[in-house]
Amino acid sequence: MLWQSAWKQGSGEGIAKNKMVAQSQDKLMEVYNDTTFAPNAWLKDQDVSLDVV
């Protein structure tokens, strides 16, 4: 679900096919080890409105 949302939010359908290339394991490890990438947090600590319009 995270990646589907990112694809939609980032207009993935508009990215040229030649720009989509496999990434090395080292590059992926850089992303996943970055603590600012998709940080975790307790739901109770989130400021989220559940109002339905």
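Values as computed for the structure displayed
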item: Checking residue 38 against (1) modelled with pLDDT of 90 or more; (2) surrounded by 10 or more Cβ atoms within 10 Å (Cβ to Cβ), the condition it does not meet; result: (1)
item: Pick from the range 9-35, criterion in a loop (DSSP other than H, G, I, E, B) and of a type in the set (Ser, Thr, Tyr), ranking: modelled with the highest pLDDT; result: 24
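The values are calculated or read from the model by the stated rules, or taken from the named source; none is laboratory data. Just so you know, these numbers come straight off a predicted model, no measurement behind them. In this analysis, Cβ positions are derived from the backbone assuming ideal geometry, glycine residues included, and neighbour counts consider all displayed protein chains.
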